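Heads up, the thing below is written out as structure tokens.
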Amino acid sequence: MKSKTAWMVLALVGAFSVSGVSPGWAHGRDDRGGKPPKMGGHDDHDHHGGGWMPGNSCTVRPVIDPVCKAQCDSAERSCKAQARTALQSCLGANCADALAAAQSACAGGRTQECMDAWQAYIQCAQPCTSAYRAALADCRAAEDACKAGCPTIVPTPCVGPTPVDPVCKAQCRLTSAQCQAAAQQTSVTCVQGCSDEIAAARQVCSSNPSSADCQAALAAVRACLTPCSTQLRSDLLACKTAEQTCRAGCGGTVNP
């Protein structure tokens, strides 16, 4: 099992390298590699040319509404997660045979046969990674449009820091964590309900990935999984909004 998992990781990295897609998301980095992107030349906390005054309950310049920004960020993360799921499904449904052939050819070492089989797998994966790259671009464009539509908070007089009830804040975080865990479990149950469609797609596409039957099976998988991801995104946004509302009642400054 460990050997098979290692092969799949290497296969994904190789496919990304050829198609220009960074696998940084697997290590918690931005999908374009390195640090997360900046919006309009500013850090996320300084979008629209504003920023929070550290340690004070006031703003020194207009800033993007933190609740709106959090919703945009959450939607963008969910969008990228859905793109990664689609990538994994595409590779599994279309390139499983090529991966198995590469595993077999390379079992004895890095021979020419091994390198040829490996190159064949990378070529097989290119349509999947190209679609993944396009999906990421759509996610980023949607995030830009979302944040561009967020209202701004006008400056308020600086009156110095105000205390936040730590017990109240901790309870808000705990409630939010429980809410998110419930949302994730609901999503897992939803995805498990698509196991028949996924199994059928793997079987149909294993012999002829380009056939009409394979494409129809993949469409059925997407149709089954889309409501799951949509519901998860909605549930997580609700958890975030509820946490913000909760923390607003704890006194002091509520950071995004």
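The values are calculated or read from the model by the stated rules, or taken from the named source; none is laboratory data. Since we're looking at a predicted model, the values are computed, not measured. Cβ coordinates were reconstructed from backbone atoms using ideal geometry, including for glycine residues, and neighbour counts include every protein chain displayed. These accessible areas exclude ligands, DNA and RNA; they are computed on the full protein's heavy atoms, side chains included. Shrake-Rupley method; radii C 1.70, N 1.55, O 1.52, S 1.80 Å.
Summary table below
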read-out: Yes/no for Ala100 being open to solvent by 40 Å² or more (accessible area, probe 1.4 Å) and without any contact (Cβ under 8 Å) to a residue 24 or more places away in the chain; value: yes
read-out: In segment 206-215, residue farthest from Ala183 (Cα to Cα) [restricted to those that are in a helix (DSSP H, G or I) and either in contact with a strand residue (DSSP E or B) (Cβ under 6 Å, 6 or more places away or on another chain) or open to solvent by 60 Å² or more (accessible area, probe 1.4 Å) (or both)]; value: Ser207
read-out: Residue check, Ala93 surrounded by 19 or more Cβ atoms within 10 Å (Cβ to Cβ) and either at negative phi or in contact with a Lys or Arg (Cβ under 9 Å, 6 or more places away or on another chain) (or both); value: yes
read-out: One residue from Gln244, Gln178, Gln185, Gln203 being among the polar types (S, T, N, Q), out of contact with any helix residue (DSSP H, G or I) (no Cβ under 7 Å at 6 or more places or on another chain) and either more than 24 Å from Arg84 (Cα to Cα) or open to solvent by less than 60 Å² (accessible area, probe 1.4 Å) (or both); value: Gln178
read-out: Search result, residues across segment 124-143 that are surrounded by fewer than 19 Cβ atoms within 10 Å (Cβ to Cβ) and without any contact (Cβ under 8 Å) to a residue 40 or more places away in the chain; value: Pro127, Ala134, Ala137, Ala141
read-out: Qualifying position, being aliphatic (A, V, I, L, M) and over 29 Å from Asp73 (Cβ atoms), among Ala212, Ala145; value: Ala212
